[in-house]
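Asker: Got a structure for you, questions after.
The values are calculated or read from the model by the stated rules, or taken from the named source; none is laboratory data. Bear in mind the structure is a predicted one, so any value in this text is a computation, not a measurement. Neighbour counts are summed over all protein chains in view; Cβ atoms, including those assigned to glycine, are modelled from backbone coordinates with ideal geometry. What goes into the accessible areas is simple: the full protein's heavy atoms, side chains included, and nothing from ligands, DNA or RNA. Shrake-Rupley method; radii C 1.70, N 1.55, O 1.52, S 1.80 Å.
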Amino acid sequence: TINVVRDNLPPVVTFQPPTKTNLNPVPLNGSVDDSLTTVTVNGITATRTQRDFSVSVPLVSGSTPIHLVAMSPNGYSTVRDYSVTLGTIPTIQSMQPADGAKLYIGTAVPMQATATDQQGDPIQYQFSVDGTPLGDWAAASSRAWTPAITHLGLRQVTVSVRDAYGGVNTKDAEAYVVRSPVQHP
């Protein structure tokens, strides 16, 4: 006895691109129910790992149509259409401390930044010294840092801003950490 199963159904596709992103090209991922199914997105053949697929699709400013075609080996296809909006990356207008600032050991330094997003997306901030973050991403656009004796010398201060759609921007400043001046009576 030989059992033959005839598959006369189109591929089952699990795929949900973001409605908005700042990543360009945008990485897209999904899966199909058959490892032999061919998947194209906007005419670009997706790479396959068993039932999973991934593809990077370039976007244009504004809304980009996303056209997915999944073709099974039996000739049946699943076609779906989506739209992905390419957003803007936040812009940093100002940051403190300014480039060339003199900072004193043991004295709290107000670190702050102003940033905007052209589309009004919420922004998060992160401050770093010499590449080490001073805390997690937060909505607060300022924080304090107190240089220690181990920070003596030239330091790179960085503010990073991001929105919820993958847009990230950074700005650096060089600051000099020095000993506090001696007060004479």
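Asker: Among the residues of segment 80-98, is there at least one that is touching a residue at least 12 places away in the same chain (Cβ under 8 Å), of a type outside the set (Gly, Ala, Ser) and under 30 Å from Arg6 (Cβ atoms)?
Answerer: Yes, segment 80-98 contains a residue that is touching a residue at least 12 places away in the same chain (Cβ under 8 Å), of a type outside the set (Gly, Ala, Ser) and under 30 Å from Arg6 (Cβ atoms).
Asker: Can I ask one more? Going through segment 108-140 one residue at a time, which ones are of a type in the set (A, V, I, L, M, F, W, C) and loosely packed, with under 14 Cβ neighbours inside 10 Å?
Answerer: Ala108, Trp137, Ala138, Ala139, Ala140
Asker: Still on this model: Among (1) without any contact (Cβ under 8 Å) to a residue 60 or more places away in the chain; (2) open to solvent by 50 Å² or more (accessible area, probe 1.4 Å), there is one condition Lys102 misses while meeting the rest; what is its number?
Answerer: (1)
Asker: Also: Suppose the filter is assigned to a strand (DSSP E or B), open to solvent by less than 70 Å² (accessible area, probe 1.4 Å), over 18 Å from His151 (Cβ atoms) and modelled with pLDDT under 95; does Thr85 pass it?
Answerer: So Thr85 fits the description; yes.
Asker: Now for a separate question. I'd like to verify a number: residues in segment 21-39 that are among the polar types (S, T, N, Q) and under 11 Å from Gln50 (Cα atoms), how many?
Answerer: 3
Asker: Those residues that are outside any loop (DSSP other than H, G, I, E, B), closer than 16 Å to Ser63 by Cα and not β-branched (Val, Ile, Thr), I need them from segment 1-25; list them, please.
Answerer: Lys20
Asker: Here's something else I'd like to know. In segment 17-44, which residues are open to solvent by 90 Å² or more (accessible area, probe 1.4 Å) and polar (S, T, N, Q)?
Answerer: Thr19, Asn29
Asker: Next question, about the same structure. What single numbered condition from (1) at positive phi; (2) in contact (Cβ under 8 Å) with a residue 24 or more places away in the chain fails to hold for Gln50?
Answerer: In the conditions (1) at positive phi; (2) in contact (Cβ under 8 Å) with a residue 24 or more places away in the chain, Gln50 misses (2) alone.
Asker: Can I ask one more? I want to confirm something. Restricting to segment 89-99 and keeping residues that are open to solvent by 30 Å² or more (accessible area, probe 1.4 Å) and β-branched (Val, Ile, Thr), which single residue is modelled with the lowest pLDDT?
Answerer: Going through the qualifying residues, I end up with Ile89.
Asker: Can I ask one more? Between Arg155, Arg162, Arg143, which is surrounded by 12 or more Cβ atoms within 10 Å (Cβ to Cβ), among the basic types (Lys, Arg) and closer than 30 Å to Pro17 by Cα?
Answerer: The match here is Arg162.
Asker: Can you report the number of residues in segment 27-81 which are assigned to a loop (DSSP other than H, G, I, E, B) and under 24 Å from the mean Cα position of the chain (by Cα)?
Answerer: 6
Asker: How many of the residues making up segment 53-79 are touching a residue at least 24 places away in the same chain (Cβ under 8 Å), under 24 Å from Val12 (Cα atoms) and in contact with a strand residue (DSSP E or B) (Cβ under 7 Å, 6 or more places away or on another chain)?
Answerer: Number of matching residues: 13.
Asker: Which residue out of Thr64, Thr49, Thr1, Thr14 is buried (at least 19 other Cβ atoms within 10 Å of the Cβ) and not small (Gly, Ala, Ser)?
Answerer: Thr64
Asker: OK, next. On the given criteria, is Phe15 of a type in the set (A, V, I, L, M, F, W, C), touching a Gly at 6+ places or on another chain (Cβ under 6 Å) and closer than 26 Å to Asp163 by Cβ?
Answerer: yes
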